[in-house]
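Okay, so here's the structure we're looking at.
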Amino acid sequence: MEELILSFIEFLKQFSYFGLIIALTFEFVPAELVLPLAGFWVYEGDMNYWFAVFAGTLGGTLGPLTLYALGRYGGRPFLIKYGKYVFIKEKEIDAADRFFEKYGAGVAFFGRFLPGVRTTISVPCGMAKMNVWVFSVYTFIAMFPITAFYIYLGKQFGPQWKDVGAKAEEYMLPVAGIIVTAILLFIVFKKARKWTSV
């Protein structure tokens, strides 16, 4: 199956950055495969790193919108019945549901950093009828560092780009922790400035 997906991605390469966006709008195409490969293309000089990151982030935002729409308009029974055709399992939907119930709308951001709920977290967001613009902004903000990270590793690994997936998972939670800490510090700093200016 992986070889078939890789052939599809290689076909889309002829469309350059637009092909990268298209590849990531299909949720059955793992970003963990596409982004390191894009990093390898950067390594080969076929793409610019920052253009690839932007295209990857855009595609990584558009893709989850399809699952969001399925959750919002199709609901849980539809996804359980037809999700298997896009490689979504009921246990993944259950895990995403529990995560959404626990953390609320913020999961559209935080869920992107967690293996097992990263893809399916869009479904409960849709079922809860979360504001689509808020969902999209959270997804974009989360996908930017993830995309930059995977493409960077793909570039560093070069011809061994296929080894990126396993290595990246080791660092994903610490990276998420750093990002979340930075955001919290920014919020605290803004509030502190507001209080001192009153």
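None of the figures in this text is laboratory data; all of them are computed from the coordinates on show. This structure is a prediction, so every number in the text was calculated from the model and none was measured. Neighbour counts are summed over all protein chains in view; Cβ atoms, including those assigned to glycine, are modelled from backbone coordinates with ideal geometry.
Points to keep in mind about this one:
- Residues of the stretch 116-149 that are assigned to a helix (DSSP H, G or I) and of a type in the set (Val, Ile, Thr): VAL123, VAL132, VAL134, VAL137, THR139, ILE141, ILE146, THR147.
- The stretch 44-59 - residue that is hydrophobic (A, V, I, L, M, F, W, C) and in a helix (DSSP H, G or I) and, of those, surrounded by the fewest Cβ atoms within 10 Å (Cβ to Cβ): TRP50
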